[in-house]
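Read through the structure below, which is laid out as structure tokens, and then see the notes.
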Amino acid sequence: MSIDDSELERMRAARLSEVQNQIESQAEQQLAAEEQQAVVDQEATALNEAMRTILTPESRERLGRVELTRPEIALGVKRHLVNLHNEGRLQIPVDDSTLKAVLAQLNSNRRESSIRRI
């Protein structure tokens, strides 16, 4: 009986060690994800603050509507505007018509797709 007990105890210890390793791994992954999310949130906050300086209220409203429907496009526009501002190639504040032109320019880079019926 003692052989079975020692084997059972060894198996329990191995399983406990395996579970502890899994918990540690999950904790590390969660910490990394939280750090990455914090960086993304910090960038978003910085971009939004910059938009208050760069854009007029009307153009901020337009960009907000774009962000609701196409967040990746809005993020690209924000980054583009900040880069132009940092390079000194942008007159502040950017009005609605200028923002429309930037949106059209960035949107023209997309390939047009259409559905054809056969």
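The values are calculated or read from the model by the stated rules, or taken from the named source; none is laboratory data. Keep in mind it's a predicted model, so treat the numbers as computed, not measured. So basically every Cβ, Gly included, is an ideal-geometry build from the backbone, and we count neighbours across all protein chains shown.
Here are some notes:
- Number of the exception - R89 against (1) more than 20 Å from the chain's Cα centre (by Cα); (2) part of a helix (DSSP H, G or I); (3) free of Cβ contacts under 8 Å to residues at least 40 places away in the same chain: (2)
- Any hit, segment 103-110, residues being of a type in the set (K, R) and either outside any loop (DSSP other than H, G, I, E, B) or surrounded by 15 or more Cβ atoms within 10 Å (Cβ to Cβ) (or both): no
- Of the residues making up segment 39-49, none is touching a strand residue (DSSP E or B) at 6+ places or on another chain (Cβ under 8 Å) and either in contact (Cβ under 8 Å) with a residue 12 or more places away in the chain or of a type in the set (F, W, Y) (or both).
- One residue from A38, A44, A74 being assigned to a helix (DSSP H, G or I), within 16 Å of the chain's Cα centre (by Cα) and modelled with pLDDT of 95 or more: A38
- Boolean, S17 is touching a residue at least 40 places away in the same chain (Cβ under 8 Å), part of a helix (DSSP H, G or I) and hydroxyl-bearing (S, T, Y): no
- Test: E49 is surrounded by 10 or more Cβ atoms within 10 Å (Cβ to Cβ), touching a helix residue (DSSP H, G or I) at 6+ places or on another chain (Cβ under 9 Å) and assigned to a helix (DSSP H, G or I): no
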